[in-house]
1. Does B:VAL165 fit the bill of being within 27 Å of D:ILE189 (Cβ to Cβ) and part of a helix (DSSP H, G or I)?
2. Just for helices (runs of 4 or more DSSP H) wholly inside region C:128-232: which have at least 3 residues that are within 13 Å of chain D (Cβ to nearest Cβ) and touching a residue at least 24 places away in the same chain (Cβ under 8 Å)?
3. Out of D:LEU98, D:LEU152, which single residue is out of contact with any strand residue (DSSP E or B) (no Cβ under 9 Å at 6 or more places or on another chain), surrounded by fewer than 23 Cβ atoms within 10 Å (Cβ to Cβ), in contact (Cβ under 8 Å) with a residue 12 or more places away in the chain and more than 30 Å from A:PRO257 (Cα to Cα)?
4. Identify all residues within region B:455-482 that are crowded, with 22+ Cβ neighbours inside 10 Å and among the basic types (Lys, Arg); write none if there are none.
5. Looking at D:ALA272, D:ALA245, D:ALA295, can you tell me which residue is aliphatic (A, V, I, L, M), touching a strand residue (DSSP E or B) at 6+ places or on another chain (Cβ under 9 Å) and buried (at least 20 other Cβ atoms within 10 Å of the Cβ)?
6. Please give the helices (runs of 4 or more DSSP H) falling wholly within region B:313-411 in which 3 or more residues are more than 29 Å from the chain's Cα centre (by Cα) and not acidic (Asp, Glu).
7. Take the residues of region B:198-232 that are assigned to a loop (DSSP other than H, G, I, E, B) and aliphatic (A, V, I, L, M): which is nearest to ligand 4 (Cβ to nearest atom)?
8. How many residues does region B:412-431 contain that are away from ligand 2 (no atom under 16 Å from the Cβ) and surrounded by fewer than 16 Cβ atoms within 10 Å (Cβ to Cβ)?
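The values are calculated or read from the model by the stated rules, or taken from the named source; none is laboratory data. Quick caveat: nothing in here was measured; it's all calculated off a predicted structure. Counting neighbours? That spans all protein chains shown, and the Cβs are built from the backbone with ideal geometry, glycine included.
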Amino acid sequence: GKSSTDSEDGTQTNEPAVETEEAVQETEAAATDFNVGMVTDTGGVNDKSFNQSAWEGLQQFAAETGAQVSYLESTQEADYSSNLDKQVDEGKNLIWGIGFAMADAILEAADMNPDANYAIIDNAYAETPDNLTGVVFSAQDPSFMVGYAAAYTTETNSVGFVGGMTSDVIDQFEYGYRAGVAYAAKELGKEITVDVQYAESFSDLAKGKAIATTMFSNGCDIVFHAAGGTGIGVIEAAKDAGKFAIGVDSDQSDLAPENVLTSALKRVDVAISLISKKLLEGEAIGGQTFSFGLAEGAVGIPENNPNMAPEVYEKVMAIQDKIAAGEITPPYNEETFEAFNQ
Amino acid sequence: MRLTLVSCVTVFLAKSCFILYVKQEEERVDQGKDCAVRMKGITKRFGHFTALQEVDLEVQKGTIHAILGENGAGKSTLMNVLYGLYQAEEGSIEVKGKRVNIKNPNVAIGLGIGMVHQHFMLVENFTVAQNIILGQEVTNRFGVISMAKAKEQIEEMVKKYGLHVDPDAKIEEISVGMQQRVEILKALYRGAEILILDEPTAVLTPQEIQELIHIMHNLTKDGKTIIIITHKLKEIKESADICTIIRRGRYIDSVKVSDVTEEELANKMVGHAVKLVIQKEKAEPKEVVFEINDLVVENERKLEAVKKLNLKVRKGEIVGIAGIDGNGQKELIEAITCLTKVKSGSIKMNHEEIQNTSPENVIRNKIATIHEDRQKRGLVLNFTVAENTILETYKKNEFSKKGFLNKEAVLKHTKQLIKEYDVRPEDCENQLVRGLSGGNQQKVIIGREIANEPDLLIAVQPTRGLDVGAIEYVHKMLVRERDKGKAVLLISLELDEVMNVADTIAVIYDGKIVQSFEQGTVDEQTIGLLMAGGNKNGQIK
Amino acid sequence: MDRLNKILKKQITATFIAIFFGFLVATVILAVAGYNPFEAFAVLFKGIFSRPKYMANVIIKATPIILTGVSVAFAFKVGLFNIGAEGQFIIGTVAAAMAGILLDLPAVLQFPLLILIGMAAGALYGAIIGFLKAKYGIHEVITGIMLNWIAFYFCNYIVNTHTFHQDNSTGSKNIREAGFDIIYNWKKSAGGKSFLKENPTLMEIIGKTDLNIGIIFAIAAAIIITIVLNKTTKGFQLRAVGFNKDAAEFAGINIKKNMIHAMLIAGALSGLAGALMVTGISHKLSTLGTFENYGFNGLSISLIATNSPIGCIFAGLLFAGLLYGGGSIQSEIGAPSEIINIMIGTIVFFVALSRFIPVLVDKYGRRGGKHVK
Amino acid sequence: MLNNILLLISITLMYSTPLIFGALGGMISERSGVVNIGIEGMMTVGAATAVCVGYNTGNPWVGFLAAGLAGGIIGLLHAVACVSAMADQTVSGIAINLIGSGFSFFLCRLVFGAVNTPAVPHKLPKILGNNIENKIVNYFNVDITVILAVILAVLMWFIIYKTKWGLRICAVGEHPAAADTLGISVKLIRYGCVIVSGMLSGFGGAAVTLAIVSQFSPTAISGQGFIALAAVIFGKWKPHGVYFACILFGFAQALTILLGGGKFPVPSQIMAMLPYVLTIVILIFFVGRSVAPKASGEPYQKGSR
Ligand SMILES: Nc1ncnc2c1ncn2[C@@H]1O[C@H](COP(=O)(O)OP(=O)(O)OP(=O)(O)O)[C@@H](O)[C@H]1O
Ligand SMILES: Nc1ncnc2c1ncn2[C@@H]1O[C@H](COP(=O)(O)OP(=O)(O)OP(=O)(O)O)[C@@H](O)[C@H]1O
Ligand SMILES: [Mg+2]
Ligand SMILES: [Mg+2]
């Protein structure tokens, strides 16, 4: 993870924000007064990706605590700051920004409104203001695990990866996955190739399907995607070809129950719900970055993987333990990947 | 199965209703059985404008009936009412003795009425045959067109009436004369007994006009009735039996053509005396200002349309080019105005070569052109009259400063022009040209071009579609320019016009000027022969 | 009667009727879906007018689409359908951002230079469309659509190049502060800060929003374009070409040149919108996931404004207001935000239908006239 | 090699099929004189309806037909505006695009409570059924919509060039006044064509959500309608031209995919431009000027001059 050192700048010494203090005193009884809002990035709330997951997390949070939740959608980048501002006006106790694209906008908003609490998904700041919380995931961890599982499952010794667009976050998935495959291949003493292709789109279903179809016909039998809507096409291709796809973010097996090997979970919903609860319960969350990994249950793979051989599942669990224990540190970009392979 | 049954029943019901309806409408009128068409008290309004007011028309079966009137008199409107394109507000129509309600062209077609419109109603990129059968296609049960059968039927009609066309030619590739024949065939194909021809001769060559008159006689011999609209008195004299005159939407008179002279007809039409032959002094030509040498121009299909053409125009004379459409006139104009590239040869204005430059350069060299297609090339219909008057001169210091238009100067100029050229309505400077009548649109163009003070004024078919009064006016303008010492080049398909107006008559045939004459040294017959490719001695080569 | 007829026949009246119908349809749909439409509209208006800064936000949102709207309207006047405004906008942002990152000049130079570079890039990009149309007769709709996508990928390419990419982000580096909008730099300055502290209203409007001088550019552009079209010889040429190419050509106006010029200017306007976005709001490029619709919204705006550049200002504000205020409908009453799209669509649809109003008025007016007699 | 060629073909077909439906729809509408830039919106409505109905009936064909019906209704809207109310066709088309997507999302929310729908239980079949073992044969096992698109193109060609309806449609699009004087109802023909245009676009949308994938998502239709619009012009308003324009575009996409994946040292963003650049290049060097039906874009008013 890239975020382990962030919380140094003395959060604890700072007073918690005003709203938090009140929340502490009244706790759950006053949960209905507790207002959490989120602002989506330009993907919108139905992106089948982290925005959607985030909103589900908030709804979950509301269901559990009785708090009020709502969202504002951004259709353009320029909407970020005005949407964040609107949330302040509505007196939210906590305002979530979903996605690294919003990093600058949130930083500025936090600076302008020192009394409001903010949190952001998928970003860690070098210096985090006291009323802002970063949340990052080690997506490379579950990616490593699914890569490991793929290597143990493949019969053709060839697997694939379809990315949406090149970016640091997608890099976590790609290199984590490739490292997992390589790690298992070494264990197996085999050579397993990984085809990697980017669709340059998070929305082109047909392109996702076409790329995956190409991979399948070139000998891959398992394709992992981190491509949002494009990934729907990838899973569809697996269905058509009778091969396996690996889902991302949430358990995507419902899209093709027989053809989804497993999914690399990145539970934005869990994180959001957890952090929101912390604030509700009066915990100081500002000024630091939370890194969600295996320990928090925010990443991993689903418990039920009907398409995965039980012995493979067991091996993957063993790997999970190793990662959790720090014995394996999956790489999250090209440099760390090369270092990992050495 | 059930669906078909239901639809059968609906169709049946609809049909019987229709028949009942028609029966009610068509109460029998016994008197006047030999009357093909009787329109009574027709009134038609467009918005607040009354185009026709209580107009009567009675056409005997088997005759050729002419309708005469100035531009905008309402002739086309009256015929459109008869053809069902417009519905009259008041009045009644009887066809072949039956009172009818012509709601749309289908009803008219059903009654045996066919119409050839003033502006041809042909689909340009369709073939002749396709245009003819459109709407009444020869098909099998599945709606698949049988072209072969259709062509057979067309050939039959072609033979019967002498209407020669090539069924496979595309409309855009054939001459207007042939297009006209296609229009007539279209009507006949639909079983027309009564044929309306709206200004059919406006676009035809003298030979084609003769041919048309011949065809019309053929048709009446076959029992058909013809209603013809034309501005050309000579043609009325040559072809029609009866002539009805309309002026400003009102019925004026119906006369037996053989009883009246052309002058009398013209007077009735405009309501005052008109001179049919232009009065002018003899020309006093000076030096040559415009010269074409060995010009070769290709047409769109890369064939040579102008072949080594030579022409000289002197100051103070009107050179008229007479010729049948399609002998290179179009390409010649396009070459002079730099709309098309010249293959070889030169065009010199005031000793400067202008070929293959730009339209702008042509204008700069003091050539002004009145184009035959005023709506396409001459005017921007969505511009005001004022804007149209400066279409070529907006850059002049008079009208603009540092790139900004001087609205006041433009308006002043326009008002003056409107007054000088009698454009109506007289306060139209801020009105869109689109709203002006054809004749007034032409006046705007003529005024604009003359105001450019050109050294050479080119007028292509300047009186096309205009009435006698307007024609007289245009001709006067051309002569006035000549008298001011300008050179004028008149290109017209109407031999009468060239013979009347030009001081020097040049005949164009097959892309060459075959011969030139001074006015008065040659008769119409000789020119006609030369235009058709014959020589002076009356022999066709 | 006559006066009423005249008023009814005016385009602006038709537009207002269209807007009314847009709201009517939205009312029906909301009611059918089980939401209280009046509550929804209350939220909408509250979201726009309840605070000065909301209005400022509407203005901010309107700025780029007014410009793309004027761009589209301008091209329309010359008879071209500038569906490529989206691409020209993107290229404007890319060029301005690249220059903003690479150049290091004092603010007095840097900011105007970025604006110019964005405009120039948009202009060139637009001119490609004009050139291909003039030279090869290729329909501007095809090239426009294709160039939109090319711009889209080009932007993503630039964002991800080593020179421009900002580590740990999906965006590029920020442009240098010298290139930031004047207002931005002022409000971050010591003087600006203390001034704003003493003026809470201004603080709200300027301090809490991205308000920038873009709107001045947009209004100026609309006015300049109106003047160019109606008062200058260039505008005269362009309109002549737009209305009747053949007559314009015959009158000595170079239609090919004018086509290219028209697209050059249209592209410059869209590019300007892009440059203002970079200097005033985003300060960087981001990887585009989908089109952000600045150009496509410009189409709608131009059409609502019936291609009047000045009208685009108001149409842009209306459009931005609906989008911005409409965003709250979901959070406040739970109605899906799509309703706003439907509403905007309906307004545009009724604008399309508005041609019919004069016809109706004629029919009805005449009948009325008869009765009077 | 053979493998790649076959792959190229099958991806080309997959990619181009929705475009073909939409573009043929756009073509027929423009042939009758009504410009349809609302294809995108119509396709979106079709895509959403197809899933809503296909999911609830369990029958993809019912969903497919419903998509056509829904597209047809949107087409009717466009026709009312453009034919009866003599509206500006571009404006109406833009409105259709806005309304179409808004309506689709709204519909899915009503039916599924979310804009992303679950997968339909059954997709439209492949021509040779599922589970083909032979790899080579499998390449030819395309979606049934691919075949439908071919049939549609042939049918369209036949109708336009061989039947009286085609003749009349073209006449109305070229010279409505001429058709009118011959007793052909310009209104009826245009209504018919615009509605059919909507139906075909609806099918195009369904071809995405019932054949390529099996669910609707907000991005299911993202730009295909506009590419289809371009293909109408590219194909010069001719059924075969339009068909091959779409195929060409699909081919370029397929090429992008086969050349991608790091086989060449070209950034994937640049690679992704290929179809669009290729289209322009081909237009410049091989296609050139295309002339629209003369009356397209012009509302027809009886007796106007
Ligand atoms: N579409 C229209 N709507 C309203 N008025 C029109 C329209 N077209 C023409 N007019 C009116 O009709 C009058 C004459 O137009 P028209 O083109 O019929 O002239 P015309 O009868 O051909 O006469 P001309 O001899 O000048 O050609 C004009 O005064 C104009 O106001
Ligand atoms: N559709 C229309 N709308 C408005 N006015 C019209 C329309 N059609 C004709 N008119 C008017 O009716 C009058 C008669 O027009 P019409 O076309 O019948 O004249 P015309 O006698 O045929 O003239 P021309 O010799 O020029 O053909 C014109 O003055 C014109 O203004
Ligand atoms: Mg007439
Ligand atoms: Mg006339």
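1. no
2. Qualifying helices (runs of 4 or more DSSP H): C:140-159.
3. D:LEU152
4. B:ARG482
5. Sole residue among the options that is aliphatic (A, V, I, L, M), touching a strand residue (DSSP E or B) at 6+ places or on another chain (Cβ under 9 Å) and buried (at least 20 other Cβ atoms within 10 Å of the Cβ): D:ALA272.
6. So the answer is none; nothing clears 3.
7. Only one residue fits best here, namely B:ALA202.
8. Within region B:412-431, residues that are away from ligand 2 (no atom under 16 Å from the Cβ) and surrounded by fewer than 16 Cβ atoms within 10 Å (Cβ to Cβ) number 8.
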